[in-house]
Amino acid sequence: MEEFFIKLSIMLVPALMAITCHEVSHGWVADRFGDNTARYLGRLTLNPLKHLDILGTLMIFVIGIGWAKPVPVNFGNLRHPKRDMIWVAAAGPITNFCLATVSAVAMRAVIAGTQGAADGSMLAAFADPITLMLAFSVYINLLLGVFNLIPVPPLDGGRVAVGLLPYGLSMALARVEPFGMIIIVALVFLTNAFSYVIAPALNFGVHLLAGPYANLVFGVTKLMMKG
């Protein structure tokens, strides 16, 4: 039980920040482009309780990826619906990639700042859990960003594709949305999509951002996900 709470303390803040900022960014960009639905419903807030989906949060600790309650966007209210939808959808993954980058820079800085500290010192004791949280933040934000770029609606990549494709193909892809989550679950669990698509992109991102500390990011995440 003690091990569970230690893992929870390391994973919870980065995970909640990743999914909360992802959703808020959708609403914020939509608000800038003319749809104030999210602002009207009180969803333009970083209070995670406003965005929390219990099952989605639990899944972070079970399978390593989760979700929040989607921020409502009325695409018909956007000034240029087809074009603006691209930016509204892309805002989520872009935010996660930015958070992953900031986390990686902060992690490197903390490690560099404590390399000369003696084991057991107050500085080292304070830095260790911060480093673990930042390492997990790099991973979870990259995973959310990459996963959401899968070009199947209702994922963000699917909506970006709907906005970019010619009208006929765009409408055909949009009609997939009611079945999108079934398709996504099938791709992830019944095919090698994770191994051949998501994992290589994630591996590239971690090595790009974390550099010599990439193994730390993967090691912390593996430890956190271990039953």
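The values are calculated or read from the model by the stated rules, or taken from the named source; none is laboratory data. These numbers come from a predicted model, not from an experiment. Note that we place each Cβ from the backbone using ideal geometry, even for glycine, and neighbour counts take in every protein chain shown.
Every residue, every condition in (1) in a loop (DSSP other than H, G, I, E, B); (2) buried (at least 19 other Cβ atoms within 10 Å of the Cβ); (3) among the basic types (Lys, Arg), yes or no:
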residue	(1), (2), (3)
7	no, no, yes
25	no, yes, no
35	yes, yes, no
56	no, no, no
87	no, no, no
107	no, yes, no
Give the residue, chosen from 164, 155, 216, that is in contact (Cβ under 8 Å) with a residue 12 or more places away in the chain, out of contact with any helix residue (DSSP H, G or I) (no Cβ under 6 Å at 6 or more places or on another chain) and surrounded by 18 or more Cβ atoms within 10 Å (Cβ to Cβ). 155
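Quick grid of which residues meet (1) surrounded by 15 or more Cβ atoms within 10 Å (Cβ to Cβ); (2) modelled with pLDDT under 95; (3) polar (S, T, N, Q); (4) over 14 Å from the mean Cα position of the chain (by Cα):
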{"residue": "31", "(1), (2), (3), (4)": "yes, no, no, yes"}
{"residue": "42", "(1), (2), (3), (4)": "no, yes, no, yes"}
{"residue": "82", "(1), (2), (3), (4)": "no, yes, no, yes"}
{"residue": "92", "(1), (2), (3), (4)": "yes, no, no, no"}
{"residue": "103", "(1), (2), (3), (4)": "yes, no, yes, no"}
{"residue": "114", "(1), (2), (3), (4)": "yes, yes, yes, yes"}
Leading residue by the ranking (surrounded by the most Cβ atoms within 10 Å (Cβ to Cβ)) among those in the range 179-213 that are within 29 Å of residue 107 (Cβ to Cβ) and more than 19 Å from the chain's Cα centre (by Cα): 213
(1) part of a helix (DSSP H, G or I); (2) touching a residue at least 12 places away in the same chain (Cβ under 8 Å) all hold for residue 43 apart from (1)
Long-range neighbours under 8 Å by Cβ, at least six apart or interchain, first residue closer than 10 Å to residue 25 by Cβ within the range 71-100, second outside any helix (DSSP H, G or I) and among the polar types (S, T, N, Q): 92/148; 93/148; 96/148
